[in-house]
Every structure is written in structure tokens, then in C-alpha cells.
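**Student:** After the C-alpha cells below, expect a handful of questions from me.
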Amino acid sequence: MLGAAALSGLAAMRSGAGLVTVGIPQSLNAVLQKKLSPVVMTLPLNETKDQSLSLSAFHRIEKLYDVCTVLALGPGLSAHPETRKLVLKIVATSPLPLVIDADALNALACDLDVLTKSGTVKILTPHPGEMARLTQLTKTHIENNRSQTASEFAKKYHCTVLLKGHRTVVASSRGDLYINKTGNPGMATAGSGDVLTGMIAAFLAQGLSGFEAAKYGAYIHGRAGDLAAGSKTRLCMIASDIIDHIPLAVKGREGSQSKKLSILKKNNEIDTP
């Protein structure tokens, strides 16, 4: 799913990352370059016969550990067995902070113990269905116990969990908890989660902790979605509209409204990170 990778890469650039490189099966590199903005780089990697990333791609990815700051895994990867092995190897060995989403979460469901094999920051961003696969609980149970489910998993596997959905929950391994109140139903559109992955990776790259990056990612992502809905309507908005509104969402957080937001937060009139 090349579109997922393209959305994540562009969202990371829009969220303040200085340089973004998207790893791609080598035969699909030219196609992705046409989809991407010229500000995002691509890295052709070894592939399987089904044009998914091969386990042998690890050697080239490993070389990036010395030059990159953050690694995001998952959007568009596929569930190919070799690709799953690649994901598990990266999670087990990476010295870089990781944002783990989509197909990378499905790979983790096969071996959750890899999350504890390194001490690097790990942020998992599942929707309720992916959380059900990770925990072996039902979606109904998860939806009825969102904060508890996210918190227990984060503590057990020493990671930060961002459980997507209405009132997105962010939980840290230390017991920190944040409930996000920005966003709207129009964001339940293909690619919205891929945008969030790129945003969180960018915030991590700029020095935020895992919990802070996930918390601010959820807030700004939802705020950009609200602005996009105001411009495009909830019915008609698409994931790239969220990316287009990231600058306005950040400006509203940092610019002339920042003092007002701080006062409202102090008076508990709004919920911001």
C-alpha cells in the first residue's frame, strides 16, 4: 500500500522532521517517487517475489541506525511472512525510538516478547481491532475498558500505547494517562492513522519523550482534522486534508491563541496536552 507510506512520510515532514526517508521494495521505488512530494526521499530495499520487504533488507536498514533519529514501522508493509520476520528483527534490535503501527502491529501479535528485548522508546498506535489481536481480548471488552486496557499493556511491555478511536487514549509504562478530545468522525477515513504515525515520529525526532510525542501527536492530529472538517466538511475530507491543516493546527497551538489555550486549560475548560 504505497499510499500509506507516502502519507506517513509527508505528515512527518509537515510536523517538523528535517529529513524523511521512506523505505520501499526496490521494484516499487519509481512508483512511490511519483506519489511522494519531492521533499521526501526514498530508499530502495530488497524485496520478496511478492514485492514486499524481504528479511534481507535488514542489513541496509541496520546501516541507517547511525544516521537516523527515529524509525516508523507498519504503514503499507503487508502481512507477508518474510516482512513480519523483518519487523520482529527490527523491533528486537533497533537502538532508535520506534513508532509501530498497522502491519507492524500485526507482526508483533505473533511475538510480543520482542518488545522487551531492547530498552529503546516504543510507541504502539493500534485501533481497537489491532489491540484485540495484541491482547487476545474482544473488541467489545477493549471499547468498554479503553484506559485500563491501554495502561495494562503499556506497563507490561514497557512501551507507550496510543489506542485510537473516539477519545483516543495515550498510556505510558509509568502510569501516565491522557485522553484526547480533539478530532471528529470525518477522520475515520483511509490513511488517517498513517498520517498520525508520521506526526508522532516527527515529534519523537524533535526530542519529545515517547508519552509526550504520542500525546501531542493525538492532539495536533485531531485539531488538524477538526480544521479540515471545517474546510472540507466531515463527509468529504480525506487523509491528505489532515496533512494540509497541520500547519494551522500547530500555529493555533503556538501562535496568538497559545495564551488563551493556557488559560482555558488552567480553568479546565478544554483538554490539551
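The values are calculated or read from the model by the stated rules, or taken from the named source; none is laboratory data. Everything quoted here is computed from the prediction, not taken from an experiment. Glycine also receives a Cβ, built like all others from the backbone with ideal geometry; neighbour counts cover every protein chain displayed.
**Student:** Of everything in region 246-273 that's loosely packed, with under 14 Cβ neighbours inside 10 Å and not in a helix (DSSP H, G or I), which residue is modelled with the highest pLDDT?
**Tutor:** Step by step, filter region 246-273, then rank; the result is 255.
**Student:** Something else about it: Which number in (1) touching a Pro at 6+ places or on another chain (Cβ under 8 Å); (2) more than 21 Å from residue 189 (Cα to Cα); (3) among the aliphatic types (A, V, I, L, M) marks the one condition that residue 105 misses?
**Tutor:** Checking residue 105 against (1) touching a Pro at 6+ places or on another chain (Cβ under 8 Å); (2) more than 21 Å from residue 189 (Cα to Cα); (3) among the aliphatic types (A, V, I, L, M), the one that fails is (2).
**Student:** Out of 135, 125, 140, 149, report the one residue that is under 19 Å from residue 217 (Cα atoms) and at pLDDT 95 or above.
**Tutor:** The match here is 125.
**Student:** Moving to a separate point now. Would you confirm whether any residue within region 164-178 is in contact with a helix residue (DSSP H, G or I) (Cβ under 7 Å, 6 or more places away or on another chain) and of a type in the set (Lys, Arg)?
**Tutor:** Yes, the conditions are met somewhere in region 164-178.
**Student:** Is there a residue in region 3-20 that is among the hydroxyl-bearing types (Ser, Thr, Tyr), in contact (Cβ under 8 Å) with a residue 60 or more places away in the chain, in contact with a Gly (Cβ under 6 Å, 6 or more places away or on another chain) and surrounded by 21 or more Cβ atoms within 10 Å (Cβ to Cβ)?
**Tutor:** Among the residues of region 3-20, at least one is among the hydroxyl-bearing types (Ser, Thr, Tyr), in contact (Cβ under 8 Å) with a residue 60 or more places away in the chain, in contact with a Gly (Cβ under 6 Å, 6 or more places away or on another chain) and surrounded by 21 or more Cβ atoms within 10 Å (Cβ to Cβ), which makes the answer yes.
**Student:** How about region 72-174: which strands (runs of 3 or more DSSP E) wholly inside it have at least 1 residues that are surrounded by 15 or more Cβ atoms within 10 Å (Cβ to Cβ) and not aliphatic (A, V, I, L, M)?
**Tutor:** In region 72-174, 122-124, 160-163 are the strands (runs of 3 or more DSSP E) which contain 1 or more residues that are surrounded by 15 or more Cβ atoms within 10 Å (Cβ to Cβ) and not aliphatic (A, V, I, L, M).
**Student:** Which ones in region 223-245 are farther than 13 Å from residue 14 by Cα, assigned to a helix (DSSP H, G or I) and in contact with a helix residue (DSSP H, G or I) (Cβ under 9 Å, 6 or more places away or on another chain)?
**Tutor:** If the condition is that a residue be farther than 13 Å from residue 14 by Cα, assigned to a helix (DSSP H, G or I) and in contact with a helix residue (DSSP H, G or I) (Cβ under 9 Å, 6 or more places away or on another chain), then 223, 225, 226, 227, 228, 229, 231, 232, 239 are the ones that fit.
**Student:** Please pick out the residue among 15, 54 that is closer than 27 Å to residue 157 by Cα and not aliphatic (A, V, I, L, M).
**Tutor:** 54
**Student:** Could you list, in sequence order, all residues of region 48-71 that are part of a loop (DSSP other than H, G, I, E, B), over 19 Å from the mean Cα position of the chain (by Cα) and surrounded by 18 or more Cβ atoms within 10 Å (Cβ to Cβ)?
**Tutor:** 48, 52, 54
**Student:** Looking for something assigned to a loop (DSSP other than H, G, I, E, B) and of a type in the set (Lys, Arg) - is there at least one such residue anywhere in region 180-193?
**Tutor:** Yes, because at least one residue in region 180-193 is assigned to a loop (DSSP other than H, G, I, E, B) and of a type in the set (Lys, Arg).
**Student:** Restricted to region 226-245, and to residues that are surrounded by 21 or more Cβ atoms within 10 Å (Cβ to Cβ) and among the β-branched types (Val, Ile, Thr), which residue is nearest to residue 180 (Cα to Cα)?
**Tutor:** Among residues in region 226-245 that are surrounded by 21 or more Cβ atoms within 10 Å (Cβ to Cβ) and among the β-branched types (Val, Ile, Thr), the one nearest to residue 180 (Cα to Cα) is 242.
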